Amino acid sequence: MRSVAKPKLAVWKFASCDGCQLSLLDCEDELLQIVGAIDIANFVEASRNVMKGPYDVSLVEGSITTPHDAERIHKVRRQSKLLITIGACATAGGIQALRNYTDVKQYASYVYSNPEFLETLNKSTPIADHVFVDFELRGCPISKAQLVETVSAFLNGRKPVTPPYSVCMECKRRGTVCVMVAHGTPCMGPVTQAGCGAICPSYHRGCYGCFGPKETPNTGALADQWKAMGITNDGIVRSFRGFNAYADAFRKESEAHEE
């Protein structure tokens, strides 16, 4: 009796810190179950063993920051039946997208002794700006539970169940008192997609927006509330320019408060 070939999974890295790939490795018991159902065909972070494509599912971490990146992502797309972007870098340009608001050559001259040898694009952009993406998994880093759910869903031919609602819902579920109401602490929770379990508010800190904009973020209303709390335009700009600085909703709100 012929054995049925397992689906092939590939993991690709672009400009990033590797944190989302480590989230996959950190799945531990869940990863063992995944490995039983698929062949990890290309995952340099975990193994030197590389199988040739095409791949049934590709997980892509990181943003596009160089001409070489821009070429390589098209090769990845051509080899992948399904392409899933993982993390803030891949879905919104990442923290490195802060360079999109200034002259990248000026920064390069501060950091590198010979910046003339660098070949970089003027902007750090998400994968979806370059190729078609089948699904985006948000977070900095991503949620292990959401990652396992997403891979499982696509392997079983269904849509992943990930929360479209805000971090505020997670605060309510765990019984965390609202830090804005109780302490006057600026918090990105009302406009940020759930996924972290509301870690920061549980320690009396405002949400930093790690999971990017929720499905329908009212960023203007949040900015107005912050102003009423005494937050300056500069403070609003800084808050919206974090891990997901180039996500469309956050980018537009930050630009609206530039002085």
Long-range neighbours under 9 Å by Cβ, at least six apart or interchain, first residue touching a residue at least 12 places away in the same chain (Cβ under 8 Å) and among the charged types (D, E, K, R) within the range 207-219, second assigned to a loop (DSSP other than H, G, I, E, B) and buried (at least 22 other Cβ atoms within 10 Å of the Cβ): Lys214/Ala194
Quick check on this structure: which one of Thr150, Thr216, Thr162, Thr185 is modelled with pLDDT under 95, assigned to a loop (DSSP other than H, G, I, E, B), surrounded by 16 or more Cβ atoms within 10 Å (Cβ to Cβ) and β-branched (Val, Ile, Thr)? Thr162
Which fully enclosed strands (runs of 3 or more DSSP E) of the range 1-110 have 3 or more residues being more than 26 Å from Phe243 (Cα to Cα)? 39-43
Within the set of pairs 6+ apart or on separate chains, which have a first residue in the range 132-156 that is without any contact (Cβ under 8 Å) to a residue 24 or more places away in the chain, a second that is surrounded by fewer than 18 Cβ atoms within 10 Å (Cβ to Cβ), and C-beta atoms under 6 Å apart? Glu149/Pro160; Ala153/Pro160
Quick one: in the range 188-206, of everything that is without any contact (Cβ under 8 Å) to a residue 40 or more places away in the chain, not in a loop (DSSP other than H, G, I, E, B) and not hydroxyl-bearing (Ser, Thr, Tyr), which residue is farthest from Gly235 (Cα to Cα)? Ile199
Taking the residues in the range 165-182 that are part of a helix (DSSP H, G or I) and among the β-branched types (Val, Ile, Thr) as candidates, determine which candidate is surrounded by the most Cβ atoms within 10 Å (Cβ to Cβ). Val167
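The values are calculated or read from the model by the stated rules, or taken from the named source; none is laboratory data. Since the model is a prediction, treat every value here as computed from it, not as a measurement. Please note: Cβ atoms are built from the backbone with ideal geometry, for glycine as well, and neighbour counts cover all protein chains shown.
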